[in-house]
Amino acid sequence: MMAKLEIKKLRRWSPIKGRAERQKARNKRIDIKDLGHVILFLAAFLGVWHIVFILGIFPKVSLPSPAMVAQSFADLLFDGSLVMSIGMTMWRLVAGFSISIILGVGTGLLMVRFRDFGKTMGSFAVGLQSFPSIAWVPFAILLVGLNDFGILFVVVLSSIFSVMISTYSGIRNINAIYLRAAKNMGATGMSLFTSVMIPAATPSLIVGIRQAWSFAWHALIGAEILIAASVGLGHILLVGREFQLMDQIIASMITIFAIGFVFDRLIFYKLEDKVRSRWGLNHANE
């Protein structure tokens, strides 16, 4: 009876479980601490902003007060234009980003399969990845037109090369020991590819997808402004510029920042951290 109780205690307080619990508690403390820092920074920023407004350093038309921006945000929210714009912008982002992932991963796999094509395309992909996303807009306007397809064209070309490079480099940089061990255990062909190579390249692919999302988000807002989308967050910025509504411009900028922050920290950062923990890449920090 005593032996069974001791076994239960050992299971309950095993090193692996204890380490996981400590890591979970540490992450919770870090999250609370980070949240406190963010709140403190925002409070200080709003205070400095309000002081600058009171001192009248800039005209009200150029720098409205935080209260004026909050009122503009409420007006946009209550008349439904902000909700509609966010929905349309997110639809464009999801559609363009999904196309980028599908084409980028597929092309990256072809680059691995055909080495000569991979070497050539890899050089072009690195150069095109550094190409400014806004520079694709005139090309998209003349080739596709002033429509949603032109915006999607810019989003895809701005993000696809990051996915392509991460897929290509992630598979090529797999430790040869994994491949030899899998082959010795009978893995060949498609089973080697799907069961060993793809999982081993997943951490690198997740990093590339996170970077590609950042490129896609930047390109989307710029494309909505320059291609003059009828609905979207870029349209709100465009209207604010045309009518000199700085409070509306700042309200839409805050919305863009908030959406980008939420997606990066609550989705991609968590996903990347989960993948790294699953693959044992965070143990060095414990």
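Based on the mean of other Cβ atoms within 10 Å per residue, sort peptides 153-161, 199-207, 36-44, 215-223 so the most packed one is first. Please list the in-between numbers first.
On the way: 153-161: 26.3, 199-207: 18.3, 36-44: 10.1, 215-223: 23.7.
Order by mean packing, descending: 153-161, 215-223, 199-207, 36-44.
Expected output is a single nm value to one decimal: the length gained when fully extending between PHE149 and ILE267, i.e. 0.36 nm times separation in residues minus the C-alpha distance. What is it?
Difference between extended and current length: 39.8 nm.
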**Request:** List, in the order given, every pair from LYS183/LYS274; LYS33/LYS60; LYS119/LYS183 whose Cα-Cα distance in the structure shown is over 31 Å.
**Result:** LYS33/LYS60
**Percent carbon-and-sulfur accessible area, region 45-163, ignoring ligands, DNA and RNA, probe 1.4 Å** = 76 percent
**Request:** Return the FRET efficiency for the residue pair LYS60, ILE134: r is the Cβ-Cβ distance, R0 is 35 Å, and the value is rounded to the nearest 0.05.
**Result:** 0.70
**Prompt:** Once you put a point 7 Å from the Cα of LYS183 and another 7 Å from the Cα of ILE51, both along the Cβ direction, what distance in nm separates them?
**Reply:** 6.7 nm
**Complete:** Pseudo-spin-label distance ALA95 to GLN71, built 7 Å along Cα→Cβ, given in nm, is 3.7 nm
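The values are calculated or read from the model by the stated rules, or taken from the named source; none is laboratory data. Owing to the predicted nature of the structure, the values given are computational and were not obtained by experimental measurement. Don't worry about glycine lacking a Cβ; one is built from the backbone with ideal geometry, like all the others, and counts go over all protein chains shown. With ligands, DNA and RNA removed, areas are computed over all heavy atoms of the protein, side chains included. Shrake-Rupley method; radii C 1.70, N 1.55, O 1.52, S 1.80 Å.
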